Amino acid sequence: MVSEVNVHEAKTHLSRLLKRVEAGERVVISRGGTPVADLVPHVRSTPGPGLLKGRIRYDSATFDDPDPELVRATVEVPVDPAEP
């Protein structure tokens, strides 16, 4: 079942509308007779392995040849002139 309410009614009766949505009803909120939002039950998703498969790409040009300056700054130990 689908109900349509205006913004004022939605603000005034939000708790009641949420109970109706929890019971399985869909509520459309309209402004000036034009639908702007739907109140629908929340569907929890549980992320699992492979969720981003095909959406992340590996660029070997970025990772295979590190920046020499970055390597020097992070790997080489600076020499302290005060040490023998």
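Taken per residue, the accessible surface of the chain reaches 92 Å², heavy atoms only and a 1.4 Å probe.
Computing the accessible area with a 1.4 Å probe over protein heavy atoms, can you report the carbon and sulfur percentage for segment 11-78?
On the way: 3500 of 6250 Å².
Exposed carbon and sulfur together represent 56 percent of the surface.
In the chain, what % of DSSP beta bridges are antiparallel (nearest 5)?
Values: 5 of 10 bridges.
Rounded to the nearest five, the antiparallel share is 50 percent.
With a simple spin-label model that places each label point 7 Å from the Cα along the Cα-to-Cβ direction, the separation between THR74 and ASN6 comes to 6.0 nm. The modelled label-to-label distance for the pair THR46/ASP65, using points 7 Å beyond Cα in the direction of Cβ, is 4.6 nm. Treating each Cα of the chain as one equal point scatterer and applying the Debye formula with no solvent, the log10 of I(q)/I(0) at q = 0.14, 0.15, 0.16 Å⁻¹ comes out as -0.70, -0.75, -0.79.
The values are calculated or read from the model by the stated rules, or taken from the named source; none is laboratory data. Bear in mind that the values here come from a model prediction, so they are computed numbers and not experimental data. Every residue, glycine as well, gets a Cβ built from its backbone with ideal geometry; the counts of neighbours run over all protein chains shown. In case anyone asks, the SASA skips ligands and DNA or RNA and just uses the protein heavy atoms, side chains included. Shrake-Rupley method; radii C 1.70, N 1.55, O 1.52, S 1.80 Å.
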